[in-house]
Amino acid sequence: MNHEEIKRYFENNPPPKEVRLTEWANITDTQVFLRSCYSTIRNFNGPIDRCPAWWHLRDLYLLIKRTAAPQTIPAGQTLADEETISEEDTMEEEINT
């Protein structure tokens, strides 16, 4: 996978605004982060595998792919129903404690 393929992926599947990349690295605006990576990669003189921005972009891509799981909702329910059920469960737990 190269940076152009990752760029196309993020154009079609925008990441959330904020992402915790590692324990010590929080991205507060992923669009700014992506633009910075693309610009640095484009202007880097040398092999792409030596460019720090390439590794940061790749790490974000792998994190987003790993954590992006489609939300499944049981047949016959809507997302609003799912939220209502969660709220009812929470209220019951508070009453029981």
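Assorted remarks:
- Of all residue pairs spaced 6 or more apart or on separate chains, those with beta-carbon atoms under 6 Å, a first member in region 40-64 that is within 12 Å of ILE6 (Cβ to Cβ) and a second member that is hydroxyl-bearing (Ser, Thr, Tyr) and surrounded by 12 or more Cβ atoms within 10 Å (Cβ to Cβ) are ALA53/THR40.
- Taken over region 1-33, residues that are within 13 Å of the chain's Cα centre (by Cα), part of a loop (DSSP other than H, G, I, E, B) and closer than 14 Å to ARG58 by Cβ amount to 1.
- When residues of region 13-54 are limited to those that are loosely packed, with under 14 Cβ neighbours inside 10 Å and touching a strand residue (DSSP E or B) at 6+ places or on another chain (Cβ under 6 Å), the one farthest from ARG66 (Cα to Cα): ASN26
Just so you know, all these numbers are worked out from the coordinates, no wet-lab data involved. Treat the numbers as computed from the prediction; the structure is a model and nothing was measured. Here Cβ is always computed from backbone atoms with ideal geometry, including for glycine, and neighbour counts include all displayed protein chains.
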